[in-house]
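Below you'll find the structure, written out as structure tokens, and then a few comments.
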Amino acid sequence: MSHSDPFKEAAPVLEKIQRGGYEAYFVGGCVRDYLLKRPVADVDIATSATPQEIKALFKNTVDVGIEHGTVMIIEHGKGYEITTYRSETLYSDFRRPDGVQFVRSLKEDLKRRDFTINAMAMTVDYEVTDLYGGRHDLENGLIRTVGASEERFSEDALRMLRGARFASQLSFVIEEKTLGSMNELSPLLQHIAVERKRMEMDKLLMGKNWTTGLEYMVKAQFLPYLPHFPVTEEEINDFRQMAVQHLSANQRWALIMLKLEQSECESALKNWRLSKKRMNYIKDMIELYYQRMNHYWSFMEVYAWGKERVIQADRLYAAVNQLQSDEQNIGKLWEALPIYSQKDLVVNGKDLIAWSDRTAGPWMGSLFSDIEKAILEGRLDNSKSEIKKWVKEWHQK
Ligand code: ATP
Ligand code: MG
């Protein structure tokens, strides 16, 4: 654990709920990560108290998902999500329970959780409640549903994708029966909102063992039921050879989409509902990747796209082609740029008119870009006399 222990920090919150006469435990991902000795970012708390009872205990609360039984409380400037024990009764659309049933027993609450490794609770004294064999599965690196996997995936099909995501993050194996049900029930993924799928994909792509996660997606036949995601077993094998640890999620999306035609790529990213900003970034990465394939970086790319984008595209290119990334050189190109924008040109519109014997017009815009290009390509100096000569020739062409 790093310098601060999130469990110690949150202990007074649990103790306060307990003093109120209710049960309170740490649950889910934080217990799993604690037992795996992985860093725990934030803790989730489960309680027998209803949301109203929690709100009566704490001064400062925010309703973040009261219909699911979750209240956020603020203590010492930190927010904690506290969720009432619940069981999820009836599912008719493969994605959300028809009603949330609050219950008073921890056992019931743990039972509705997705995987055994996520279905453990822990006290402030680090005593673990493990009713479904979560510890055993943690020790053996297994992802297994709590209860019958066909039932659990039919209740909420997203769980299948979560399984592949945890395989990627934890380098775990999906237990055979669980994997069999994924295979059988993958069509149910059609019913899941793309946003939820995308959140899982982002986590899967950033997992330490992302190629294993991807492999499960192929093996369990998820791909036909997701927006276009063009990976094959062969490519996954290629990904294994690449040093991708420095690539962001967006760069990994770019890596996956690299082989698509531009228009296909655009529609795939749209269908995944990536934000405009992310989409543009990914498209830039792909475009720059192809420029780098044609020729080594030049003033043109650094000038047009900026140093950072080019460095990031270079990292992608280096990872795919198993090269060292060339950041220093790109930095040098940037430092040596003769101009950084058209404003840096030593001539202005008046000069162009005076040297051209013409009235102002659209020709000036194209002349400006031609001057800019000639300077960046090293064919022309950014000096008034040189540009004047060059402009005269330009008009003769
Ligand atoms: P992460 O580290 O990504 O936050 P996590 O295990 O905390 O992983 P969350 O999505 O934050 O995952 O969910 C918290 C807990 O809620 C899970 O550990 C699990 O017990 C339960 N849970 C989440 N999603 C589902 C689901 N779709 N079905 C059943 N239980 C779920
Ligand atoms: Mg979590």
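Just in the stretch 163-232: which trypsin sites (Lys or Arg not before Pro) are loop by DSSP and have at most 13 other Cβ atoms within 10 Å? Write down the numbers at each step before the final one.
Numbers: sites: Arg165, Lys177, Arg196, Lys197, Arg198, Lys203, Lys208, Lys219; in loops: Lys208.
Sparse-neighbourhood loop trypsin sites (Lys or Arg not before Pro): Lys208.
Roll a 1.4 Å probe over the protein heavy atoms and report the accessible area of Asp370 in Å², nearest 10.
Estimated to the nearest 10 Å², Asp370 gives 60 Å².
Normalised by the residues of the stretch 342-396, what does the relative contact order come to in percent, with Cα pairs under 8 Å and at least six apart?
With pairs under 8 Å counted, the relative contact order is 42 percent.
Note down the accessible area of His68, probe 1.4 Å, to the nearest 10 Å².
Number for this one is 90 Å².
Which aspartates and glutamates have a Cα lying under 15 Å from the Cα of Lys373, excluding residues fewer than 8 positions away in the same chain?
Glu301, Asp344, Asp381, Glu386
Given points 7 Å out from each Cα along the Cα-Cβ axis, report the Thr50 to Lys37 separation in nanometres with one decimal.
4.5
For the chain, the longest stretch holding no chymotrypsin sites (Phe, Trp or Tyr not before Pro) located in a DSSP loop with at most 16 other Cβ atoms within 10 Å is which?
My reading of the result: 127-295 is the longest stretch.
Can you classify the stretch 141-226 as rounded, prolate or oblate using the Cα gyration tensor, where a ≥ b ≥ c are the square roots of its eigenvalues, rounded means a/c under 1.5, and otherwise it's prolate if a/b beats b/c and oblate if not?
Values: a/c = 1.60, a/b = 1.10, b/c = 1.46.
Note, shape of the stretch 141-226 comes out oblate.
Mean residue ellipticity at 222 nm from the helices of the chain, using -39,500 (n - 2.57) per DSSP H segment of n ≥ 4 over the full residue count, to the nearest 500 deg cm²/dmol?
Details: 20 runs with 206 residues, N = 397.
Calculated from helices alone, the mean residue ellipticity at 222 nm is -15500 deg cm²/dmol.
When the solvent-accessible surface of protein heavy atoms is calculated with a 1.4 angstrom probe, in what order do Met364, Met182, Met293 fall, highest first?
Values: Met364 30, Met182 0, Met293 110 Å².
Highest to lowest solvent-accessible surface, that is Met293, Met364, Met182.
State, to one decimal in nm, how far the label point of Ala249 lies from the label point of Arg358, with both points 7 Å from Cα in the Cβ direction.
Output for this residue pair reads 5.0 nm.
Summing +1 for each Lys or Arg and -1 for each Asp or Glu, what net charge is found among the other residues whose Cβ lies under 9 Å from the Cβ of Asp114? It would help to have the intermediate numbers written out before the result.
Values: positive: Arg112, Arg113, Arg152, Arg159, Arg162; negative: Asp156.
It works out to a net charge of +4.
Could you compute the FRET efficiency for Arg240 and Lys107, with r as their C-beta to C-beta distance and R0 at 51 Å, rounded to 0.05? Please report the intermediate quantities before stating the final value.
Working: r = 41 Å, r/R0 = 0.81.
After rounding to 0.05, the efficiency reads 0.80.
Tell me the relative contact order for the chain as a rounded percent, counting alpha carbon contacts under 8 Å between residues six or more apart. Don't skip to the end; give the middle numbers.
Numbers: 575 pairs, mean separation 33.6, N = 397.
It comes to 8 percent, rounded to a whole number.
Cross-link list Lys350/Lys389; Lys16/Lys59; Lys307/Lys389; Lys78/Lys276: which exceed 21 angstrom alpha carbon to alpha carbon? Intermediate results must be reported in sequence, preceding the final value.
Details: Lys350/Lys389 16 Å; Lys16/Lys59 12 Å; Lys307/Lys389 32 Å; Lys78/Lys276 31 Å.
The pairs that break the limit, which is 21 Å between Cα atoms, are Lys307/Lys389; Lys78/Lys276.
What accessible area per residue comes out for the chain, rounded to a whole number of Å², with a 1.4 Å probe? Walk me through the numbers on the way to the answer.
Values: 19800 Å² over 397 residues.
Counting only protein heavy atoms, the per-residue value for the chain is 50 Å².
Filter the GluC sites (Glu not before Pro) in the stretch 116-182 to those in DSSP coil with at most 15 other Cβ atoms within 10 Å of their Cβ, and list the result. Before the final figure, lay out the partial values.
On the way: sites: Glu127, Glu139, Glu150, Glu151, Glu155, Glu175, Glu176; in loops: Glu127, Glu175.
Counting only loop positions with at most 15 other Cβ atoms within 10 Å, the GluC sites (Glu not before Pro) in the stretch 116-182 are Glu127.
Assuming 0.36 nm per residue, please report the length gained on full extension of the stretch His68 to Lys384 beyond their Cα-Cα distance.
Taking 0.36 nm per residue and subtracting the Cα distance, the gain is 106.8 nm.
Highest GNM mean-square fluctuation, the chain, Cα pairs closer than 10 Å: which of Gln241, Gln190, Gln312?
Evaluated over the chain, the most mobile residue of the options is Gln241.
Which percent of the accessible heavy-atom area of the chain goes to carbon and sulfur, probe 1.4 angstrom? If you can, show how the numbers build up before the last one.
Working: 9470 of 19800 Å².
Heavy-atom surface of the chain belonging to carbon and sulfur, 1.4 Å probe: 48 percent.
The values are calculated or read from the model by the stated rules, or taken from the named source; none is laboratory data. Nothing here was measured: the structure is a model prediction, and the numbers come from that model. So basically every Cβ, Gly included, is an ideal-geometry build from the backbone, and we count neighbours across all protein chains shown. With ligands, DNA and RNA removed, areas are computed over all heavy atoms of the protein, side chains included. Shrake-Rupley method; radii C 1.70, N 1.55, O 1.52, S 1.80 Å.
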